[in-house]
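What follows is a set of notes on a single structure, which appears directly below.
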Amino acid sequence: MKAFTYYNPVKIYFGVGAIENLKQELTDCGEKILLTYGGGSIKKNGIYEQVSGILKEAGKTVFELSGIMANPRTDKVMEGVEICRREKIDFILAAGGGSVIDCSKAIATVSCMEDPADFWNRLFVNKEKTDQAIPLGTILTIPATGSEMNTDCVITNWEEQLKYSYSSIHQYPRFSILDPEYTYTMPKNQLIYGSVDILSHIFEIYFSKPDENNVSDDVAEALMRNVMENLDTALQDPLDENARSNLMWDSTMALNGIIQAGKEEDWMAHKIEHALSAFYDIPHGAGLAICHPAYLSYICHKAPGKFARYAVRVMGCDPKGKTNEELAEEGIRKTREYFKKIGAPVTLSQVGIPAGAIEKIVEKILLIPASYTTLDREDLKKILNSCI
Ligand code: NZQ
Ligand code: ZN
């Protein structure tokens with residue numbers, strides 16, 4: 001295993017009724033709270049009313065930023081920054097999915113910059129270090145991104161058609177409230193996309209060096225099996241509390257640093273997806289269901305033993321009489337079949353992306369050194385062409 005430092009200060013309140021801990025968490029958060037949320041799902045399912053009641057009881061002065069869109073954009077970040085700077089906000093409370101939490105993290109950081117005007121280039125392109133952010137807490141409503149327990153935020157610059165991430169330890173939420181019942185009202189497609197995203201995070205970490213015996217890979221395999229098992233149950237019975245609980249914790253465990261310990265990580269498939277959603281505003285998990293299996297097919301010959309291990313231990317392939325290469329291909333084929341079975345898109349045309357767009361999309365993909373192999377734009381073209 002690689003040497004690592006593990007640090008994660010996020011306090012998690014998990015379980016039905018976990019919201020009862022909010023009041024005590026608010027005691028040392030200052031007076032002025034910015035409550036952030038999305039397009040209105042929290043108003044329909046009662047979370048807004050519950051949270052507003054607790055804020056009122058705690059005697060807080062509450063400001064709101066609503067309408068945070070999926071794949072949140074730079075102008076929404078600036079809208080929040082203006083409120084925070086004008087009202088001298090003490091604490092941000094984000095109630096929603098990854099988009100709401102990510103936008104809130106960006107607002108928290110950018111609000112503390114001396115001059116926030118060029119935050120996109122300084123933070124998201126040039127990755128300038130920042131040394132503070134407004135503290136924030138989250139109330140998670142969709143298991144998917146892991147943003148509830150990590151340092152990252154992903155923002156779209158719609159004008160430039162770029163979707164990039166920014167990471168800072170000051171963006172760790174102070175606390176996150178995870179009530180599985182809050183996910184009951186998720187539309188079926190979001191449940192599917194969120195679960196694909198969880199699996200995809202695990203792929204990015206698991207399919208990376210080192211491959212020899214290590215605890216992170218063993219935990220990752222258990223998580224992948226757990227996601228598939230509990231997604232199947234939740235699709236059959238959306239009110240199955242145990243399945244919802246497992247999926248919620250899978251989401252957090254996939255990207256809170258635990259299974260990253262000692263691993264290189266890859267993230268190239270995510271960079272490909274971010275370019276897809278930066279152009280076509282598709283849900284992140286939908287884009288991943290299309291491009292991640294294609295990416296794995298393209299690179300699996302670099303580590304056939306690892307892909308064979310995945311095929312057998314996670315996808316239940318029978319190894320008898322097969323080479324590692326054959327097993328590797330079978331495991332990825334079964335993954336794509338699984339995505340199809342649960343109702344995720346597996347081709348670009350299914351989400352309205354024409355073959356003719358591939359060239360311009362490839363130009364916007366952030367090329368990074370990946371783990372088993374490093375690709376160039378010609379490789380990326382081939383991968384996306386295999387997704388038509
Ligand atoms: O906006 P509202 O009305 O709340 O509706 C949302 C939204 O339309 C709805 N929803 C969420 N919880 C619900 C619900 N509807 C009913 N009941 C509920 N309980 O679901 C829709 C999607 O929400 P969104 O927050 O966009 O989904 P997700 O959590 O998948 O977040 C996706 C964003 O996170 C980024 C993605 O790129 C994308 O921008 N990511 C963030 C990461 C991170 N911070 O670590 C890592 C990921 O790889 C990812 O890139
Ligand atoms: Zn993701």
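The values are calculated or read from the model by the stated rules, or taken from the named source; none is laboratory data. None of the values given here were measured: they were computed from a predicted structure. Cβ placement follows ideal geometry from the backbone for every residue including glycine, while neighbour counts extend to all protein chains displayed. Only protein heavy atoms, including side chains, enter the accessible area calculation; ligands, DNA and RNA are left aside. Shrake-Rupley method; radii C 1.70, N 1.55, O 1.52, S 1.80 Å.
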**Report entry** Test: residue 303 is away from ligand 1 (no atom under 16 Å from the Cβ) and crowded, with 18+ Cβ neighbours inside 10 Å
**Finding:** yes
Requested in this report: Please name all residue pairs, on different chains or six or more residues apart, with Cβ atoms under 8 Å, provided the first residue is in the stretch 21-37 and is assigned to a strand (DSSP E or B) and the second residue is open to solvent by 10 Å² or more (accessible area, probe 1.4 Å) and among the polar types (S, T, N, Q).
Outcome: 32/61; 33/61; 35/52; 36/66
Requested in this report: Name the residue, out of 94, 58, 18, that is under 28 Å from residue 162 (Cβ atoms) and not hydroxyl-bearing (Ser, Thr, Tyr).
Outcome: 94
Query raised in the report: Looking at 341, 381, which one is open to solvent by less than 70 Å² (accessible area, probe 1.4 Å), over 18 Å from residue 207 (Cβ atoms) and in a helix (DSSP H, G or I)?
Result: 381
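Conditions (1) in contact with a His (Cβ under 8 Å, 6 or more places away or on another chain); (2) modelled with pLDDT of 95 or more; (3) surrounded by 15 or more Cβ atoms within 10 Å (Cβ to Cβ); (4) within 18 Å of residue 175 (Cβ to Cβ), marked per residue:
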{"site": "36", "(1), (2), (3), (4)": "no, yes, yes, yes"}
{"site": "42", "(1), (2), (3), (4)": "no, yes, yes, yes"}
{"site": "65", "(1), (2), (3), (4)": "no, yes, yes, no"}
{"site": "71", "(1), (2), (3), (4)": "yes, yes, yes, no"}
{"site": "88", "(1), (2), (3), (4)": "no, yes, no, no"}
{"site": "91", "(1), (2), (3), (4)": "no, yes, yes, yes"}
Report task. Those residues that are more than 18 Å from the chain's Cα centre (by Cα) and open to solvent by less than 20 Å² (accessible area, probe 1.4 Å), I need them from the stretch 211-229; list them, please. Result -> 214, 216, 217, 221
Report task. Return a yes/no flag: does the stretch 202-210 have any residue that is at pLDDT 95 or above, surrounded by fewer than 20 Cβ atoms within 10 Å (Cβ to Cβ) and either within 10 Å of ligand 1 (Cβ to nearest atom) or assigned by TED's automatic domain parsing to the domain that holds residue 307 (or both). Result -> yes
Query raised in the report: If you go through the stretch 218-272 one residue at a time, how many are charged (D, E, K, R) and either under 29 Å from residue 372 (Cβ atoms) or within 16 Å of ligand 2 (Cβ to nearest atom) (or both)?
Result: 10
Query raised in the report: Out of the stretch 236-277, which residues are within 14 Å of ligand 1 (Cβ to nearest atom), more than 19 Å from residue 204 (Cα to Cα) and not in a helix (DSSP H, G or I)?
Result: 238, 239
